[in-house]
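What follows is a set of notes on a single structure, which appears directly below.
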């Protein structure tokens, strides 16, 4: 199908010939794997382990193309990273598309190719999917829902159940914070001047493939997306018998990200990330883990930013750059709508 100038029509969601042509010429052609191409109502998956992780997420980012990625790359990476955070090895995904009438088919192809590339890089595949088309004005260009399945090693349940968090454990971030949120904001508000901004969107299974064993000392992981690093830490410590103490100077923030945050009145700690992982590591393994992370391009900025404490249970305290201490609270309200 020659897609130059072609746009999505309501007929592409009708269940008839146009829809089947779109599925065949875009989705089957680009994702291309036996389970999907069988075109059954469900994919029958092989059992790989005693325990399985399952997640689902929806993506409505505006704009759909931004520096460093697009809504398709974001959907695949976001779902993979949720599985990785649970300690699972991602296996396969589903992808559901809600497309607005008039959306360019060539743009859809670009987004689907982006999804296929990220899935291949992470060693996963799209096993099932769905497409719906709505009238103009009933959906903003394109929304994507992805679900993911991953398998856990036989001996592992979840990070924290296997090895509880305790005072003295290290708080680690795998790189600079706020990159994704500010890349999207730059594309949204100054589309002709996004130089220097780059979303950190990446599938972190590539980074953690060799670290998902007990010897790494990992006790907990969370990908700090909406609400950022601060909200992830608050979620971790809420109603717990331990707290967290972090050091503002230790938290990596790129100068251009900090500059745009200052201009817009945002705190980088609350800005979304899509290629970073918050890690709690055993106190005797933290330094070694940071060294291992730094050996991979996706973890070269990894650093310890704080410690789990017993002094402030249920709270996150941050030592500021000027030497004071402030409480870090959960994000209240929506700081950046439609960021993922």
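The values are calculated or read from the model by the stated rules, or taken from the named source; none is laboratory data. Everything numeric here is computed off the predicted structure, so don't read it as measured data. Counting neighbours? That spans all protein chains shown, and the Cβs are built from the backbone with ideal geometry, glycine included.
Taking the criterion of being surrounded by fewer than 21 Cβ atoms within 10 Å (Cβ to Cβ), touching a strand residue (DSSP E or B) at 6+ places or on another chain (Cβ under 7 Å) and more than 22 Å from residue 327 (Cβ to Cβ), would at least one residue in region 261-282 satisfy it? Yes: region 261-282 contains one or more residues that are surrounded by fewer than 21 Cβ atoms within 10 Å (Cβ to Cβ), touching a strand residue (DSSP E or B) at 6+ places or on another chain (Cβ under 7 Å) and more than 22 Å from residue 327 (Cβ to Cβ).
Considering the conditions (1) in contact with a strand residue (DSSP E or B) (Cβ under 7 Å, 6 or more places away or on another chain); (2) not assigned by TED's automatic domain parsing to the domain that holds residue 178, residue 336 is excluded by exactly one of them, (1). Which one of 168, 175 is within 28 Å of residue 316 (Cα to Cα), at pLDDT 95 or above, surrounded by fewer than 20 Cβ atoms within 10 Å (Cβ to Cβ) and in the same structural domain as residue 257 (by TED's automatic domain parsing)? After ruling out the rest, the residue left standing is 168. Taking region 205-219 as the range and being at pLDDT 80 or above and touching a strand residue (DSSP E or B) at 6+ places or on another chain (Cβ under 9 Å) as the test, the residues that pass are 205, 208, 209, 217, 218, 219.
Of the residues examined, residue 101 is not one that is modelled with pLDDT of 95 or more and under 21 Å from residue 33 (Cβ atoms). Determine which single condition residue 93 fails, assuming it passes every other condition in (1) touching a strand residue (DSSP E or B) at 6+ places or on another chain (Cβ under 9 Å); (2) over 24 Å from residue 206 (Cα atoms). The one condition residue 93 does not meet is (2).
Among the residues of region 49-93, the one identified as part of a loop (DSSP other than H, G, I, E, B), under 27 Å from residue 280 (Cβ atoms) and touching a helix residue (DSSP H, G or I) at 6+ places or on another chain (Cβ under 7 Å) is 87. For region 231-246, the count of residues that are assigned by TED's automatic domain parsing to the domain that holds residue 195, surrounded by 14 or more Cβ atoms within 10 Å (Cβ to Cβ), touching a residue at least 24 places away in the same chain (Cβ under 8 Å) and out of contact with any strand residue (DSSP E or B) (no Cβ under 8 Å at 6 or more places or on another chain) is at least one. Exactly one residue out of 96, 196 is surrounded by fewer than 20 Cβ atoms within 10 Å (Cβ to Cβ) and assigned to a loop (DSSP other than H, G, I, E, B), and it is 196.
When region 232-242 is filtered for residues that are more than 23 Å from the chain's Cα centre (by Cα) and under 19 Å from residue 221 (Cβ atoms), the ones remaining, listed by number, are 240, 242. Checking each residue in region 10-23 for being crowded, with 17+ Cβ neighbours inside 10 Å, closer than 19 Å to residue 137 by Cβ and modelled with pLDDT of 80 or more picks out only 12. Screening region 264-313 for residues that are part of a loop (DSSP other than H, G, I, E, B) and out of contact with any helix residue (DSSP H, G or I) (no Cβ under 9 Å at 6 or more places or on another chain) and picking the one that is nearest to residue 207 (Cα to Cα) gives 295.
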